[in-house]
Amino acid sequence: MPYAQSFMKKILITGGAGFIGSHVVRLFVNQYTDYHIYNLDCLTYAGNLSNLSDVDQAPNYTFIKGDITDAVLVDKLFETHQFDGVIHLAAESHVDRSIQNPLAFVQTNVIGTVNLLNAFRKNFKKPHQLFYHISTDEVYGSLDEGGFFVETTPYDPQSPYSASKASSDHFVRAYHNTYKIPVIISNCSNNYGPNQFPEKLIPLCISNIRQGKPLPIYGKGENVRDWLYVVDHARAINTIFHQGNVGETYNIGGLNEWQNIDLVRLLCKVMDEKLGQAAGTSEKLITYVTDRAGHDLRYAIDATKLTTTLGWKPTVTFEEGLSKTVDWYLANELWLNQILSGEYQNYYAQQYQNR
Ligand code: NAD
Ligand code: DAU
């Protein structure tokens with residue numbers, strides 16, 4: 001049964017100050033002026049209110065600084081607002097940090113998700129209410145050269161991050177099965193675009209090229225990821241939220257697979273052009289470093305269910321998306337510099353020194 005759009009009014013988006021969350025908040029605030037969008041985010045290192053400076057004064061938007069691991073706060077919010085829909089994005093999202101500190105991932109991704117489910121369940125009164133959980137293709141594990149992840153691929157998470165996301169997905173399904181609350185899950189491939197924290201491959205390389213620093217390629221650079229422009233992911237979330245069938249899972253992907261080394265070479269070419277540098281300048285910064293522990297070889301998504309049943313498809317080509325992304329980082333030096341001058345330096349030293 002698809003979700004009844006006409007009833008929706010109060011929407012809670014968690015993690016809305018992060019990379020993907022900020023694009024989802026923007027789309028909903030601008031497109032659904034008859035909804036009220038509440039953004040619950042505790043502003044970890046990855047949360048940044050300046051990601052939302054263009055919508056934060058909108059009359060249909062409220063920011064709530066709060067932690068999803070705080071059950072008392074979460075319960076109170078649900079009691080007060082009686083949300084019609086929840087789009088849950090808040091998470092610890094970086095695989096390398098999950099290798100450094102797995103417990104933080106259990107706290108937010110597992111306990112935080114269960115807190116939200118409990119509060120949703122306690123306040124579940126209206127049949128149109130929906131809990132939409134945003135997840136990752138990493139729950140399916142690692143592929144070799146052939147095949148694609150489909151919605152029925154068995155879970156086989158390999159990193160502490162993906163184990164925590166798989167666990168949260170299982171809890172969402174268990175609550176649907178046990179307590180009959182309406183849920184939907186989507187599992188998406190690698191996102192890229194404006195506002196992504198520069199710990200992830202693409203913004204890290206843009207940032208390092210800007211500073212003339214080495215571009216660290218894990219292992220031989222042969223690992224493959226499927227890249228999707230973040231605005232296309234936000235559009236998919238909008239489509240699934242309004243038209244998806246309750247109880248179902250949807251895979252989201254870009255049909256855009258790249259070996260890391262080829263992607264970084266392409267990015268170097270784009271950066272050289274945009275910076276007016278001689279061809280080959282940025283590529284000289286490529287440095288092979290010790291591989292990520294337990295590094296998944298390949299992710300590839302089959303999004304046929306979403307494209308055929310709900311009519312979504314990506315609209316931004318990789319060439320166009322990379323160009324827009326580089327333009328955004330070059331035009332937003334202040335955003336980047338504020339991050340680079342803070343806690344990021346400690347993280348960077350711990351992650352890349354002596355590698
Ligand atoms: P991000 O790290 O950029 O942002 C996460 C946001 O969650 C931040 O604003 C942070 O402050 C907030 N947050 C973290 N812990 C919190 C807590 N305990 N309470 C309240 N807020 C908290 O992450 P992202 O890349 O935007 O990913 C968003 C979601 O999408 C995550 O659930 C992630 O697993 C999923 N996802 C990400 C990708 C990707 O490529 N980035 C792909 C597929 C799925
Ligand atoms: O597949 C979806 C997932 O994509 C999301 O669920 C995660 O939240 C998101 O972080 C992303 O995970 P990855 O580990 O694939 O993304 P990351 O940008 O960290 O790395 C992309 C690839 O680049 C991966 O194979 C590791 C490699 N890499 C990464 C970094 C940061 C490098 O070679 N060097 C680096 O410095």
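Only the coordinates and a few stated rules stand behind these numbers; no lab work does. Model, not experiment: these values are computed from the prediction. Counting neighbours? That spans all protein chains shown, and the Cβs are built from the backbone with ideal geometry, glycine included.
Quick one: helix 318-331 against the long Cα principal axis of the chain, what's the angle to the nearest 10°, folded into 0 to 90?
Approximately 80 degrees, to the nearest 10.
Assign one of three labels to the range 293-355, namely rounded, prolate or oblate, based on the Cα gyration tensor with a ≥ b ≥ c the square roots of its eigenvalues; rounded applies when a/c is under 1.5, prolate when it is not and a/b is larger than b/c, and oblate otherwise.
Because a/c hits 1.5 or more and a/b fails to exceed b/c, the range 293-355 counts as oblate.
Between 0 and 90 degrees, rounded to the nearest ten: what's the tilt of helix 71-81 against the longest Cα principal axis of the chain?
Orientation of helix 71-81: about 60 degrees from the principal axis.
Assuming R0 = 56 Å, can you tell me the calculated FRET efficiency for the pair residue 309 and residue 279, based on Cβ-Cβ distance, to the nearest 0.05?
0.80
Have a look at the DSSP beta bridges in the chain and tell me what percent are antiparallel, nearest 5.
Of all bridge pairs located within the chain, approximately 10 percent are antiparallel.
What length, rounded to one decimal in nm, is gained on full extension from residue 100 through to residue 261, with 0.36 nm per residue of separation minus their alpha-carbon distance?
Result: 55.5 nm gained on full extension.
Name the residues of the range 292-308 whose amide N is less than 12 Å from a point 7 angstrom out from the Cα of residue 243 along the C-beta direction?
It comes to 306-308, nothing else.
Specify whether the C-alpha gyration tensor of the range 1-128 places it in the rounded, prolate or oblate class, a ≥ b ≥ c being the square roots of the eigenvalues: rounded for a/c under 1.5, otherwise prolate if a/b is larger than b/c and oblate if not.
Verdict is oblate for the range 1-128.
Between residue 302 and residue 179, what FRET efficiency comes out of the Förster formula 1/(1 + (r/R0)^6) with R0 = 41 Å and r the beta carbon distance, rounded to 0.05?
E between residue 179 and residue 302, to the nearest 0.05, is 0.85.
So for each of 319-326, 191-198, 289-296, 9-16 I average, over its residues, the number of other beta carbons within 10 Å; can you give me the resulting order with the highest mean first?
Listed from highest to lowest mean packing, they are 9-16, 191-198, 319-326, 289-296.
Taking a cut-off of 30 Å between Cα atoms, list the lysines near residue 76, but don't count ones fewer than 8 places away on the same chain.
Leaving aside lysines fewer than 8 places away in the same chain, those within reach of residue 76 are 9, 10, 65, 122, 125, 126, 165, 180.
Taking the Cα centroid of the range 137-176 and of the range 188-235, what is the distance between the two, rounded to the nearest whole Å?
Going from one Cα centre to the other spans 21 Å.
Tell me the angle of helix 260-275 to the major Cα principal axis of the chain, expressed in degrees between 0 and 90 and rounded to the nearest ten.
Between the helix axis and the principal axis of the chain, the angle is about 80 degrees.
Once each part is reduced to its C-alpha centroid, what is the distance from the range 70-125 to the range 245-294 in angstrom?
31
What is the P(r) of the range 238-355, as percent of Cα-Cα pairs per 10 Å bin from 0?
Cα pair-distance distribution for the range 238-355, in percent: 10, 25, 34, 23, 8, 0.
Which order do peptides 239-249, 49-59 fall in by mean Cβ count within 10 Å, highest first?
Ranked by mean Cβ neighbours within 10 Å, highest first: 239-249, 49-59.
For residue 287, what is the net charge nearby, where nearby means another residue's Cβ is under 14 Å from its Cβ and Lys, Arg count +1, Asp, Glu -1?
Here the charged neighbours net out to +3.
Rank the residues 136, 304 as a footprinting-exposure proxy: fewest other Cβ atoms within 10 Å of their Cβ go first.
Listed from fewest to most nearby Cβ atoms, that is 304, 136.
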